[in-house]
Every structure is written in C-alpha cells, then in structure tokens.
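The values are calculated or read from the model by the stated rules, or taken from the named source; none is laboratory data. Since we're looking at a predicted model, the values are computed, not measured. Cβ: placed from backbone, ideal geometry, glycine included. Neighbour counts: every protein chain shown. All accessible areas refer to the heavy atoms of the entire protein, side chains included, with ligands and DNA or RNA removed. Shrake-Rupley method; radii C 1.70, N 1.55, O 1.52, S 1.80 Å.
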Amino acid sequence: MRKPMTAILDPSLTTEASEALNRAGFSRRAFLAGAGALIITFSTKGMLGTAAAQEFEGAGGTGAPPANQLDSWIAIGTDGSVTAYTGKEELGQGISTAQIQLVAEELCVPFKRVNMIFCDTSMTPDQGITSGSQSHPTNFNHNNLALAAATAREALLEIASKRLNVPAEQLTAADGVISAKSDPAQKLTYGQLIGGKKFELKLEPNAKRKPASEWTVLGTPAQRPDLPDLVTGKFEFVHNVRRPGMLHGRVVRPPAIGATVVSVDEASVQGMPGLVKVVVKKNFVGVVAEKPWQAIQAANKLKVNWTAGAGLPSHADFYNYLRTQKPTRDTLLVNSKDVDDKLAQAATVVKATYHYPYQMHGSMGSSCAVADVQGDKATLWSPTQGVWPVRSSSAILLGLKPENVRVIFRRGSGCYGINGADTVTYDAALLSQAVGKPVRVQLTRKDEMAWGENYGFAFVMDERAALDGQGNITAWDHESWSAVFGNRPGYGTPGNVITGMLAGFQPEAFMARTPAPEPRAFSNNSNGVPSYVAGNVGGTAKGTGTVKSERSLTHNIVSPFFTGPLRSPARLQNSFAHECFMDELAARVKADPVAFRLRHLSSPRVSDVVKAAAELANWEARPSPKPQGRKTGIATGRGFACVAYEGDNGFAAMVAEVEVNQDTGKVSVKKIFFSNDSGPISNPDGLRNQIEGGALQGMSRALVEEVTWDDQKVTSTDWRSYPTLPLGFDIPEFKVKLLNRADENATGAGETSITIVAAAIGNAIFDATGARVRQVPFTPERVKAALGQTVSQA
C-alpha cells in the first residue's frame, strides 16, 4: 500500500527522501540559505505549513546552489547519514545506483547510508540536461559529485585530526567513522564531527580520489535502491503527484499538422459536469475539469473549427524528398581534399545507399505532469530531463521571472531522449495558469505518439569507398541528408516544444543557433565519420582508423515533424550505414568481416572490443555470406558490428546470430554476443542491464518500428499502427564481456549497444541469405523483396 502523502515532511520530495532529511536533522532549504546558497522563493504556505513556508521564503535568491561549494553537493546528518544532491536524474536507467556507489566509496560509508536527491531547482546543483550518456562521466570524471565526496572525506579527516589531536595521515576512515591507525579506540563518527552542520568549504580541485585498487563499494554489484518500491507499486512517479484542490486538464490538438484555430465554440460544452474552464491561447486549446474523465469528455465534445493542414510529403517517397530539399546547412565534417583523386585511381569503387526512418520513444506509459501556477509564482512537477532549462523556458511561456519558477523532477514514462515530458509539462503549466489552481495532465496514447513526441531523426546515407588491388580501403566518402534539426528542441525557446509553438511562440531552428563546425580531426559516428578513418585534418590523425583519404558531408533538412534526441541520436543511423557498408566491402574482397575491420583500425580500444566479441562468439573466420543452400525454409547467419561511440565515449562490438525464414521474410535474433569498454566499471550489474536493455530496444527499432503518416497527419497513434516487439517475444541469449579499464576516464554506456544492433542484424541477414537489406526496419516484406532480388541476380 502506498505510503500516505501526508507523511512527507516536504511534499516536493519523495517519501523516502523527505524521511532521510528528517532523520538527518536539518532542513535543506535552511541549510542552503545558511550556507549563502542562492535558492528561489515561492508562496507555499498551503504546502509546507506557515512556519516552514516562512523559513523557505526568507531564503531568497535566484540561482542554483553554487557548484564550487561543498555544501551544495554533500550534507552529513546528525545520525551520520549522507545526503547527496545531483543535477543528473534517475530516469529508470539505474544511474542513481552508480552515483550512490560513487559517493559511498569516496566518503567511506556503506551504500545504504547514502540518500540521493535529484534535480530540483530549489536545492540541487545545475548540471544541465541528463542526456548523451554523460551522467556518469560527468560526476565520475569531473569536478562534480566525486570531487565533492573526496573533498568531504578530506575535510572530515582534518576536523577529526584537530579533535583527536592526531595527524590526518595517521587517521583512517571506514564505515562513517574516523579512527587512529595506531589506536582504533580513538574514533569519531561523521555525525559527531559535523552532523547537521555546514562544511563551509569550496571544492578542493586537488582532493585525492580513491584508486580502483582500494574500492570496496565501486566495482561491485549493487541492488538498485528503487527496485523494491517499483515491483511492489509503492514508487512515486510523477503520475502519483497529488496537490490540494488539484484539477485535471486535457488538450485538444489540431486534426492536421499546420492546422490553426479559426474559432472555439465554448457553448458546445456548457453545463458539462465538472467543467471548470475552456482555455484558448493562439492554437493551444484545452479544458480543465474537476476529474480526469470529465476533462476527457469535455475535450471530446468541444467544437473547434480549424483551418486545413499544411500538407505533408509522401511517406512512400520521403527519402527522395529529403534529397531534393534545399538544405538549411551543409557541413563538411572531415575533408582530406584528395578523395576524388583516390576514387578515380581505385582498383574498385563500391557504392551503397542506406535509409533510416523516423522513430519514436513509444513509452509504455503516456507522459504526465502537474503544475501549480498562482499569481507570479509557479511550481512544476515534471519528468523533464533538464529542470533548469525547463525552468527558463517555462518562465518565458508563462510570462514569469525565472526565479519565481520552481521545477521539481519526478520520474515519468521511460525515455532516452525527448518523449512527451516537456510537452505535457507546458500543457499543465498553461492550464494551471488559466485557472489559478494546480492542474494535472496525462496525455492520451494518441496525443503522446502524434503530438507529444519529438521523433528520432530520419536519414538517407550514401557511402562510397575506394579499394586497391590488395583489398585495402584507400578512401571513404560519406554523404547524408537528415531531417534532424528543423524543430529540434532548444530549451531556451518555448516554440521549440510543441505546446509552446501552438501557444504562439515561434520555433527556432537549431541551425540558426549553431554555426556549422569546421572539419574535425577525429572519428565521430554521430556526425557521419566512420571508425575506420584516420581523422587526419591539418596533419594530425586523431581518429580510430587507418584510412587517410576521407570526406564526410552532411545536409540538414527542415523536418516536417518535431524531432529530437532518441537514444543514440544520429549515432545509430550513421553506424548502421557505416557498419553495413564495411561488411559489404569485406564481402567484395572476400575477407572475413572481423579480420577486415581489424586491418583498418588503429585504436587499441576499438580493436580490443572487436577481438573480445569475436572470441566470446567463437567466431569462425570466413567471408560472408556463408555458402548458400536452398532458398526456402530457415537460414542461419551471424553478423558483426563495432563502434567508437562519439569517437571516445564508449567502445563496443557485437555479434548477432539470426534465423531468417526465407518463405515469410521473418527475422529472429537468437543470440547476441557483446563486448563493452566504458572505462572503470562502477556497477557491473547496472552496466549489463544497460547493454542488454539497449540491445533489446535496438532490436525493436531494427525489426519493426517506423513512424507513418498520410498527407495531413501522423497515423502511428497506437500499438497497432506503431508496433514494437511484443510482450512475450523470444528474447535472444545474451553473453556479455565487460572490459574494465580502471586507469581510463569513465565513458557513457547507455547507448553503445543500441548503436550497432541494426548493423549487426543486417549483416547477419546477409550472411544467412546473401540478401542485403539497406532500409530499417527489416520487415518481412523488405526481407522478402531483398531475397527476391538475390534470386533474380543469381
């Protein structure tokens, strides 16, 4: 049974977090205010009670807790418990476990003694957006959470040294107790040293981190602290937030993309039970009612007259459409300026084109948010991935001062990028402002998929390569057209969120805000540069490959839909093309795909994951495809792919073993072998979970997922029209090899496996059947068509 919300000391916090602060013996707001931190104010006597509200409102301030102050990150309670504050969110990916392990390790306390507070603009540091597989590297490598914990440990040793009259170097810290090495009876607990008090110190840049050889908490499996409540239904999602007097909202979206409001007939819902207000702001139309079902009924009955839509390009011919549009920006990412000469001199030139569709998060639960906007103050409970940027843009949306807006992260529907979280936050904010009361909005499935999502990017990718007489790659030429940046969210601009645009704010195209980069000097799959080129620009090779003649040209096209990051944005698409094309080159020269990759790699870390995956899979060295038998029945094959994610943000390789039903075209993934190098391993179980989960999501995107539309609107609006791998599907056997690099910086791990699944499966289909499928998803129809082409060519 859910714990009663009345038991929460501070309703902005989860029950567990609030109870931890209560046990620790201090109020975070008073604690920060006393430390000189700048925090926001808002009127909340009804939420906290008069005394607590006066304490909070007296703190004043406009910004985040200062990142250079230890008290912004770490607090020690009177009971010796540790509360850590982070600007990187737990979205369901398990990052909280690794962050708690990190703090526990550096502070020499047990895992269970650390409580973590996430992303609240009134009490946590501003660490930007939780994205890009950067949460763990940010707090592990840089001057953030790890440095704060190390600074706190050294400060505690110094305080104990003075209290015990023992030199700090003769003291040791363990289990939250500092004792003399020569006399363990001389000891003080952290609570005795500083419990409930401020450190009043800046972060010490030279604070000594604990080496991996001394780890007792990091590097070991740790159970996710949220797991018990998740499996027993006690976990407090944003969907569970309740406020006194809370109402419920529903938004009426346009019937077609580009349609605008002509008129709204409020009389059409007059007298409906529970209706509080019809809200209209430009093309944003919504209703507020006393109960959710009443809001649904009113929204369905409200008569809105819309203009015709702007029209959409043909779905069937969309990839040709991308090629023919005028780019908003052309970018040469690398250019050795000799590619054309190398292609002209080549013994063989190989060409191929790959297509990747729009895809969506398709979160199992629809997005939800709660807003309380009263007068010139606002509090938003949001599943956004960036509370501070949303604070700024929500202030613009509502016409408020940023310091009067508080955004509190609450976990919502699972996502790796931008699903409907920001859209529904804006929905709730606008509706709450209109009625002056708290409003909860939860999107419908249709609204989530057609109007809440920022779709993953669609791509067309042309690959060309020159081969010499010995089968070596002498030049690589990549050109892509991507519907990427047309409406990509920029958090400072409300119009870059769907609701903000409907409310009258103009979208700001990403290209207008970001200048085209100069040609780069390193390999980066996110930008169309494969792992096999040298990245040799200006005479310096910083890539991971050996191919010195290289060119990568990208064309950014304005998207007809809102687009935004979806797990491995642009990296997955480009890696699909690069790794499938690498396989085609190996097949052309009749080389083993693994040996051919190793021949063109210069990075030991990429080579090591390639070798590890091949060894794990008992890879048989031979060219692809395997000798072909009959063209009916089940054919089996294996495929390989690897990546230096973003050049240096994780290294991975995969072998996929598949079965292809040549009669139906159905592809089944039977086994996945995966090797991963993300630097020092903090939690091997969490890392494996990320790898396996990413691979499964990648399988769904590779095999079945694709956004569809007609000439006016998106038609992928439910699980029938936007299928994902169904519950109960045959999960492949997984074998994972983790390469622990204790002497390296930590890198991301949330996107390495998903980035190469499509390529590994596509290469396995080719190995099994001799048919090359160059368009995702690998539907039975596309596989059958490719099989038919193979038969006709034979």
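Between Thr379, Thr121, Gly750, whose Cα lies farthest towards the positive end of the dipole of the chain when Lys and Arg beta carbons carry +1 and Asp and Glu beta carbons carry -1, centred on the Cα centre?
Thr379
Roughly how many whole Å is it from the C-alpha centroid of segment 313-387 to that of segment 178-250?
So the two Cα centres are separated by 37 Å.
Could you give me the ³J(HN,Hα) list for segment 712-719, computed from phi with Karplus coefficients 6.51, -1.76, 1.60 and θ = phi - 60°, whole Hz, x at Gly and Pro?
Here the 3J(HN,Hα) series is 10, 8, 6, 9, 8, 10, 7, 6 Hz.
Please report, in Å, the Rg and the Dmax of segment 248-296, where both are computed over Cα atoms only.
11.1, 32
Given 0.36 nm per residue, what is the gain on full extension from Thr715 to Lys162 after removing their alpha carbon distance, in nm?
Details: separation 553, 0.36 × 553 = 199.08 nm, distance 6.98 nm.
Working it through step by step, the gained length comes to 192.1 nm.
How high is the FRET efficiency between Thr328 and Met364 when r is their beta carbon distance and R₀ equals 35 Å, given to the nearest 0.05?
Between Thr328 and Met364 the formula returns 0.50.
Tell me the per residue accessible area of the chain using a 1.4 Å probe; a whole number in Å² is fine.
37
Using the per-residue mean of other Cβ atoms lying within 10 Å as a proxy for protection, in what order, highest first, do the peptides 416-426, 682-692 fall?
416-426, 682-692
³J(HN,Hα) across segment 154-163 via Karplus (A = 6.51, B = -1.76, C = 1.60, θ = phi - 60°), whole Hz, x for Gly/Pro?
Here the 3J(HN,Hα) series is 5, 5, 5, 5, 5, 5, 5, 4, 6, 5 Hz.
Using a Förster distance of 30 Å, how high is the FRET efficiency between Val262 and Ile396, based on the Cβ-Cβ distance and rounded to 0.05?
0.65
What figure in square angstrom, to the nearest 10, would you give for the accessible area of Ser213 with a 1.4 Å probe?
110
Carbon and sulfur together cover what percent of the accessible area of segment 421-460 at a 1.4 Å probe radius?
Carbon and sulfur together cover 47 percent of it.
Starting from the 7 Å offset along Cα-to-Cβ, what nm value, one decimal, do you get for the label separation of Asp79 and Lys337?
Placing both labels 7 Å beyond Cα along the Cβ direction yields 6.8 nm.
Given only helices, namely DSSP H runs of n ≥ 4 each adding -39500 (n - 2.57), what is the per-residue ellipticity at 222 nm of the chain, to the nearest 500 deg cm²/dmol?
-8500 deg cm²/dmol
Could you state the number of Å between the C-alpha centres of segment 254-297 and segment 445-469?
After rounding, the separation between the Cα centres reads 35 Å.
Note the full-extension length gain between Glu781 and Lys282 as 0.36 nm times their separation in residues minus their Cα-Cα distance, in nm to one decimal.
The Glu781-Lys282 span can extend by a further 175.3 nm.
For a quick check of your reading of the filter: which trypsin sites (Lys or Arg not before Pro) in segment 407-505 sit in a DSSP loop and have no more than 15 other Cβ atoms within 10 Å?
none
Give the separation of the Cα centroids, segment 629-643 to segment 542-590, in Å.
Between the Cα centre of segment 629-643 and that of segment 542-590, the gap is 23 Å.
Through the Karplus equation 6.51 cos²θ - 1.76 cosθ + 1.60, θ set to phi - 60°, convert the phi angles of segment 499-504 into ³J(HN,Hα) values in whole Hz; use x for Gly and Pro.
4, x, 4, 5, 7, x
By average Cβ neighbour count within 10 Å, what is the ranking of 449-458, 398-407, 224-233 from highest down?
Numbers: 449-458: 27.0, 398-407: 19.6, 224-233: 13.4.
In descending order of packing, they fall as 449-458, 398-407, 224-233.
Of all trypsin sites (Lys or Arg not before Pro) in segment 710-749, which ones are in loop regions per DSSP and have a Cβ with at most 12 other Cβ atoms within 10 Å?
Counting only loop positions with at most 12 other Cβ atoms within 10 Å, the trypsin sites (Lys or Arg not before Pro) in segment 710-749 are Arg720.
Return the distance in nm (one decimal) between the two label points of a simple spin-label model at Glu659 and Ile296, each offset 7 Å from Cα along Cα→Cβ.
So the two model labels end up 4.0 nm from each other.
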